[in-house]
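Remarks on the structure that follows.
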Amino acid sequence: MLILAVLLVAAGATLLVLRRRRVLTGRAVTAGGLLASVLGLLAGLATFVHVVEPYEVGVLTTLGKVGGTWQPGLHLKSPLTDVTTFPTRPSDLDLTGKDTVEVRSSEGGVLYADLTVKWSIDPRHTQALYKLAGSADAVQRRLVYPDSREIVRNVFARHTGVEGYSSQREAIAAEIERLVTERLAPRGILVNGVNLRNVKPSDSLQQAIDQKLKQDQATAQAEAAVRTAKAEAEKRKIESESTAAANTVIANSLTDRILMSQCIEAFKAAAEKNPVYASPCGTAGSPVIVDGTKR
């Protein structure tokens, strides 16, 4: 900007001098000279001021030397001072599409993880980030991007394919967010969240997962059948023991007189329909004649 201002002022002054010496004539020459001079002066004045927009922090550099930082507002500066701004609003690093992270499980299976890392610059560390990266785009490209991908791969490598694909996704996302935060915070980068959007297994891993799920289901069904069989066997054993104990009690409590009395009572009831009824209730096999016509 300063060079442009000098060139404009020089061009305007040259046109005015040539017009004064009548080398060039006409009102257009005078107007052009005045316009160029005015524009050059305005451009020169602009090199002495700089406006830092809201949610930005400016880092000063003068002749290759890094200076302090500016907060949002209007500032006066030397024409030799450059201002590099860093936005402090949250930014999204989308690791999807061509940037999808290819990871391997603890079993060696391949998965593809899509996630978004929400990050922002700590205003207190903009000077250090300028020295480290040079610009906000470089911060994402050189720091946030490679560190996030590395941590995602390391976390998935500690889990099986089934855990990464389904059962432990929330725990894996929380672990990734914690580790990314710990890695970037000392550099002045704030992590506002990590969204693990999708985890897709490769075709070969999907086949292995499906086969393992089928095996687990078959094993669970077999174990359930074994438990059922054991329960039925235990039930039959208890019933058999109960029946045997009851028979023992009955056998020990019955005598010949009790048996004879019960037998006679039973056949008395039968004799009401048959007037004379013979029953083998006697001793030594001799029958007892029950006459239903007599009371």
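Residue under question is Val9, and the condition is that it be loosely packed, with under 14 Cβ neighbours inside 10 Å, at pLDDT below 60 and outside the structural domain of Val152 (by TED's automatic domain parsing); does it hold? It is false that Val9 is loosely packed, with under 14 Cβ neighbours inside 10 Å, at pLDDT below 60 and outside the structural domain of Val152 (by TED's automatic domain parsing).
Counting the residues of the range 66-101 that are over 27 Å from Val191 (Cβ atoms) and either among the small types (Gly, Ala, Ser) or at pLDDT 90 or above (or both) gives 3.
Just so you know, in the range 59-78 the residues that are surrounded by 15 or more Cβ atoms within 10 Å (Cβ to Cβ) and touching a residue at least 40 places away in the same chain (Cβ under 8 Å) include one that is nearest to Lys131 (Cα to Cα), and it is Val59. Tallying residues that are farther than 30 Å from Leu129 by Cα and part of a helix (DSSP H, G or I) within the range 183-207 yields 5. In the range 129-148, the residues that are surrounded by 14 or more Cβ atoms within 10 Å (Cβ to Cβ) form Cβ pairs under 9 Å with partners that are among the charged types (D, E, K, R) and in a loop (DSSP other than H, G, I, E, B), at six or more places apart or across chains, as follows: Leu129/Asp122. Criterion applied to Asp122, Asp99, Asp114, Asp147 was being under 15 Å from Thr69 (Cβ atoms), out of contact with any His (no Cβ under 7 Å at 6 or more places or on another chain) and not hydroxyl-bearing (Ser, Thr, Tyr), and the one residue passing it is Asp122.
Quick one: in the range 182-208, which of the residues that are in contact with a helix residue (DSSP H, G or I) (Cβ under 6 Å, 6 or more places away or on another chain) and at pLDDT below 90 is farthest from Tyr145 (Cα to Cα)?
Leu205
Screening Ala171 with (1) hydrophobic (A, V, I, L, M, F, W, C); (2) part of a helix (DSSP H, G or I); (3) more than 13 Å from the chain's Cα centre (by Cα) gives one miss only, at (3).
Taking (1) over 26 Å from the mean Cα position of the chain (by Cα); (2) closer than 16 Å to Tyr55 by Cα; (3) of a type in the set (Val, Ile, Thr) in turn, Thr81 satisfies each apart from (2).
The values are calculated or read from the model by the stated rules, or taken from the named source; none is laboratory data. Since we're looking at a predicted model, the values are computed, not measured. Every residue, glycine as well, gets a Cβ built from its backbone with ideal geometry; the counts of neighbours run over all protein chains shown.
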